[in-house]
Amino acid sequence: LLSQAVFNLLIPDHAADAFSPPRLSEPSPWDVLVEWLLGGLSRWDAEHFLFISEHGYLYEHSCAFLPLYPLSLWAVARGVLWPLQGLLRPRSLLLLSAVLLNCLFSTLAAAALYELGRAVLRCHRVAFLAALLFSLSPASVFMAAAYSESMFACLAFSAMWQLEKEQSWLSGLLFSLASGARANGLVNAGFFLYSRSKRFALQLQVGLGSMGKLPLLWKQALSLASSVILMSAGIFLPFALFQYYAYVRFCGPGPSLGQTIPEPLLQLARDKGYHPATMDGAKPPWCSQQVPLVYSYVQDVYWNVGFLRYFELRQIPNFLLALPVTFLVSWAAWTYVSTNPWYCLTLGLERSKSEEEGKPRDGFCCPAAFVYVVHATALLAFGFFCMHVQVLTRFLGSSSPILYWFSAHLLQEHEPLLRSAGTDNPPPGRSVRGKSPSSCGKGTPDNPIVRLLLNWPLITPLSKSILGFFLSYWLLGLILHCNFFPWT
């Protein structure tokens with residue numbers, strides 16, 4: 001927060017062609033102070049979230065941003081920050097709400113990622129490293145700015161953790177809330193499908209040896225189908241309700257809202273070609289589609305999101321920007337598949353010998369990590385071929401634990417300073433600072449990331465590459481994003 005304030009003050013803002021609605025009231029000295037301290041966190045898409053929180057869904061293109069995060073900002077501004085309403089205008093209250101909420105969500109997301117790592121990887125050290133890397137995420141600026149990434153990461157990681165604990169209903173509730181924050185939360189229904197399918201497949205393997213168990217397996221199959229349908233419907237419900245709300249607002253027969261929209265915002269719509277809700281009875285073309293989904297229409301028309309649409313020569317810099325995260329997640333998938341080829345071929349539905357003996361592999365390549373690798377690979381493929389590729393860093397960084405687990409795995413496996421207690425024969429005149437427990441030990445007496453940074457000349461090139469990626473994107477994200485320069 002301090003760094004973005006400094007960079008925002010020292011570096012002039014870039015004249016970006018971004019959404020910039022007019023302010024409807026004169027700022028007070030306190031508003032100027034809030035903008036001075038936190039204004040760098042209101043750039044690019046953050047303007048959309050703050051605008052929706054203050055004015056609602058006035059414009060059609062605003063429907064690309066799902067409502068849970070703007071509603072949360074509105075609730076905090078009207079509730080927790082209610083005493084400040086006489087001092088600050090609504091936008092300042094909302095910006096302050098975003099900072100407070102995102103600090104909370106980011107912290108809870110790191111804690112949930114740690115607990116999830118302990119449950120899945122069964123290696124405390126790698127789980128701890130991954131949580132620390134998340135705290136230094138290359139998408140950190142989006143975790144702090146008025147974006148929904150920190151909320152989504154908190155809800156998604158917490159839901160995954162609860163599912164690992166077999167708390168299905170709580171997990172389903174959290175996944176459902178996540179799909180109200182970001183559309184890619186719909187993919188999380190696959191975790192329920194896989195969890196139930198794997199359980200049924202293992203029961204089926206046991207039941208095949210006994211004819212008396214077959215009727216019971218049919219009942220279990222029906223129970224599996226009903227639970228998956230019910231849970232998936234719950235996850236899809238927030239998204240579906242928002243599509244219905246948008247249809248009523250933009251396609252309904254109600255009277256023109258021209259009288260309720262302030263004139264400066266109407267003028268902005270005329271100048272920029274935005275489409276306000278139900279103006280002069282004109283309905284947008286998506287209203288007449290067989291399945292009227294405003295979200296896909298807005299992504300298609302306003303942001304040109306579609307299969308291979310970004311594959312142009314002028315987008316090469318953006319592909320380079322997404323190269324590190326693309327390489328890391330692809331490497332993670334290859335490492336997992338090459339280590340567990342038969343397990344991947346059978347989709348993990350056949351019990352392995354180690355599982356039968358009760359001693360499955362620990363760490364990144366353990367059987368339990370399979371579904372998370374598939375999830376990350378699917379997100380990577382979709383983002384690379386169908387989205388604006390530069391957003392892959394924050395897209396994967398807020399949705400999948402694999403980026404952090406695999407980076408932590410590489411550090412733990414290949415960095416001597418983390419695998420030893422300082423007995424790695426440093427060069428003459430150099431001593432290793434800090435201590436480190438064993439590979440999967442339960443203790444965490446020091447911060448291993450700080451330890452590596454303090455001993456930068458001694459660490460391996462691989463460690464320097466991983467930490468260099470995290471640190472450089474952390475710093476560049478602050479400098480560029482806070483001053484309206486293009487970033488991820």
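The values are calculated or read from the model by the stated rules, or taken from the named source; none is laboratory data. Just so it is clear, the model here is predicted, and its values are computed rather than measured. Virtual Cβ from ideal backbone geometry, glycine too; neighbours counted across all protein chains shown. Accessible surface areas use protein heavy atoms only, side chains included; no ligands, DNA or RNA. Shrake-Rupley method; radii C 1.70, N 1.55, O 1.52, S 1.80 Å.
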Checklist entry - Could we say that Ser439 is under 30 Å from Leu204 (Cβ atoms), of a type in the set (Gly, Ala, Ser) and modelled with pLDDT under 95 here? => result no
Checklist entry - Any residue in segment 316-324 that is touching a helix residue (DSSP H, G or I) at 6+ places or on another chain (Cβ under 9 Å) and assigned to a loop (DSSP other than H, G, I, E, B)? => result yes
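Looking at segment 231-255 only, could you name the residues that are under 30 Å from Ser195 (Cβ atoms) and either open to solvent by 40 Å² or more (accessible area, probe 1.4 Å) or of a type outside the set (Gly, Ala, Ser) (or both)? Walk me through how you get there before you give the answer.
Taking segment 231-255 as the starting set, the residues that turn out to be under 30 Å from Ser195 (Cβ atoms) are 231-244.
Correct list: Met231, Ala233, Ile235, Phe236, Leu237, Pro238, Phe239, Ala240, Leu241, Phe242, Gln243, Tyr244.
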Item to check | Asp45, sole failed condition from (1) open to solvent by less than 10 Å² (accessible area, probe 1.4 Å); (2) within 20 Å of Ala144 (Cα to Cα); (3) of a type in the set (Asp, Glu) | outcome: (1)
Checklist entry - What pairs can you find where one residue is in segment 460-488 and without any contact (Cβ under 8 Å) to a residue 12 or more places away in the chain, the other is surrounded by 18 or more Cβ atoms within 10 Å (Cβ to Cβ) and assigned to a helix (DSSP H, G or I), and their Cβ atoms are less than 7 Å apart, with a gap of 6+ or different chains? => result none
Next on the checklist: For segment 19-33, check the following and say yes or no: at least one residue is within 27 Å of Tyr245 (Cα to Cα), at pLDDT 95 or above and open to solvent by less than 30 Å² (accessible area, probe 1.4 Å).
Outcome noted: no
Next on the checklist: I'm checking my understanding of the structure. Among residues of segment 149-184 that are in contact (Cβ under 8 Å) with a residue 24 or more places away in the chain and among the charged types (D, E, K, R), which one is surrounded by the most Cβ atoms within 10 Å (Cβ to Cβ)?
Outcome noted: Glu149
Item to check | Matching option when the condition is open to solvent by less than 10 Å² (accessible area, probe 1.4 Å) and either modelled with pLDDT under 85 or in a loop (DSSP other than H, G, I, E, B) (or both), among Ala130, Ala146 | outcome: Ala146
Checklist entry - Quick one: which of Thr393, Thr377 is of a type in the set (Val, Ile, Thr), surrounded by fewer than 23 Cβ atoms within 10 Å (Cβ to Cβ) and modelled with pLDDT of 95 or more? => result Thr377
Checklist entry - On the given criteria, is Phe311 more than 29 Å from Pro21 (Cα to Cα), open to solvent by 80 Å² or more (accessible area, probe 1.4 Å) and over 22 Å from the mean Cα position of the chain (by Cα)? => result yes
Checklist entry - Name the pairs: first residue in segment 297-316 and under 9 Å from His388 (Cα atoms) and touching a residue at least 40 places away in the same chain (Cβ under 8 Å), second residue part of a loop (DSSP other than H, G, I, E, B) and charged (D, E, K, R), Cβ to Cβ under 6 Å, at least 6 apart or on different chains? => result none
Checklist entry - Yes or no: Glu356 open to solvent by 90 Å² or more (accessible area, probe 1.4 Å) and at pLDDT below 95? => result yes
Checklist entry - For segment 73-89, how many residues are among the aromatic types (Phe, Trp, Tyr) and surrounded by 15 or more Cβ atoms within 10 Å (Cβ to Cβ)? => result 1
Item to check | Residue count, segment 380-390 (criterion: open to solvent by 30 Å² or more (accessible area, probe 1.4 Å) and of a type in the set (Gly, Ala, Ser)) | outcome: 1
Checklist outcome for this item: Among helices (runs of 4 or more DSSP H) entirely within segment 1-95, at least 2 residues that are under 23 Å from the mean Cα position of the chain (by Cα) occur in 2-10, 45-55, 68-78
Item to check | Test set (1) open to solvent by less than 30 Å² (accessible area, probe 1.4 Å); (2) among the polar types (S, T, N, Q); (3) closer than 22 Å to His409 by Cα - Ser135 fails condition number | outcome: (1)
Next on the checklist: Among the residues in segment 188-204, are any under 30 Å from Ala282 (Cα atoms), modelled with pLDDT of 80 or more and out of contact with any Cys (no Cβ under 9 Å at 6 or more places or on another chain)?
Outcome noted: no
